[in-house]
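Encoded as structure tokens, the structure appears first; notes follow it.
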Amino acid sequence: MASRVLIIEDEPDIRKTIDYNLSKESFEVVQAASIQEGEKALASNKIDVVILDLMLPDGSGLTLCRDIKSEPKTKDIPVIILTAKTEEVDRVVGFELGADDYVTKPFSVRELILRVKAILKRGVSKEITTDNVQDSFGELTINYDEHQAYINNQEISLTALEFKLLKHLINRKGRVQTRDQLLEDVWGYSSNVTTRTVDTHIKRLREKLGIVGDHIQTIRGVGYRFSRKTD
Ligand code: CA
């Protein structure tokens, strides 16, 4: 069955180009030119992915992103935001509001389609439940009961904070976490402590993870993401 993509973009040329190229790849496409049209399309179609422009005639796409991600019916629909290259802050806010990925304008349609395919493949990552005792990603195994991580069954020595950081990233695997979010969720305080703290700890954690350190990806200008694969 074809996946259905909703494009919310007010510039007709961009919308049509994306539609044309996605349709060629056998996606079903629904177009919307405003937040209002987007909401209508979400309510009346089963949508698998949303491509969301941020500058829309009736408001900011960020508002819609937040609504999609807070509504139980739509919160599992992946959202890819389209942002201007210069608006790094939009990207950060977008992730904080739950966006799953972003593409910067001007973008290549090929790149966008790759993102759509990747996001459909991995789905929206669900939080792991507390009774999940162990997770494995290639050579890396995490045992939550023991608070231990292993590489090829060899225990690696992590501090409590490093373990918490790793666990937190894994819980949200596939999703980018901003430095501010990590500070707030892992360290338990916000704003006043410099986000450099996060960078320092990520660096150390990666070093300790050695050959599996590449699971933790840097998203430039935004934050970090745990990836199942290290390629
Ligand atoms: Ca626009």
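The values are calculated or read from the model by the stated rules, or taken from the named source; none is laboratory data. No experiment lies behind these values; they were computed from the predicted model shown. All Cβ positions, glycine included, derive from the backbone under ideal geometry; neighbour counts span all protein chains shown. These accessible areas exclude ligands, DNA and RNA; they are computed on the full protein's heavy atoms, side chains included. Shrake-Rupley method; radii C 1.70, N 1.55, O 1.52, S 1.80 Å.
When E37 is tested against (1) within 16 Å of the ligand (Cβ to nearest atom); (2) closer than 22 Å to K117 by Cα; (3) surrounded by 16 or more Cβ atoms within 10 Å (Cβ to Cβ), exactly one condition is not met: (2).
E139 satisfies every condition listed in (1) touching a residue at least 24 places away in the same chain (Cβ under 8 Å); (2) open to solvent by less than 60 Å² (accessible area, probe 1.4 Å) except (2). All of (1) within 15 Å of L140 (Cα to Cα); (2) surrounded by 20 or more Cβ atoms within 10 Å (Cβ to Cβ) hold for Q177 with one exception: (1).
This table checks each residue for (1) at pLDDT 80 or above; (2) out of contact with any strand residue (DSSP E or B) (no Cβ under 7 Å at 6 or more places or on another chain).
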site	(1), (2)
I81	yes, no
E87	no, yes
V92	no, no
F95	no, no
A99	yes, no
R115	yes, no
I119	yes, no
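If you take the residues in the range 40-59 that are open to solvent by less than 60 Å² (accessible area, probe 1.4 Å) and within 16 Å of the ligand (Cβ to nearest atom), which one is modelled with the lowest pLDDT? Looking at the filtered set, the residue picked out is L54. Between I211, I170, the distinction of being open to solvent by less than 30 Å² (accessible area, probe 1.4 Å) and under 15 Å from S227 (Cβ atoms) belongs to I170 only.
Just name the residue that is least open to solvent (accessible area, probe 1.4 Å) out of those in the range 1-34 that are among the hydroxyl-bearing types (S, T, Y) and under 17 Å from I119 (Cβ atoms). So the residue we want is S3.
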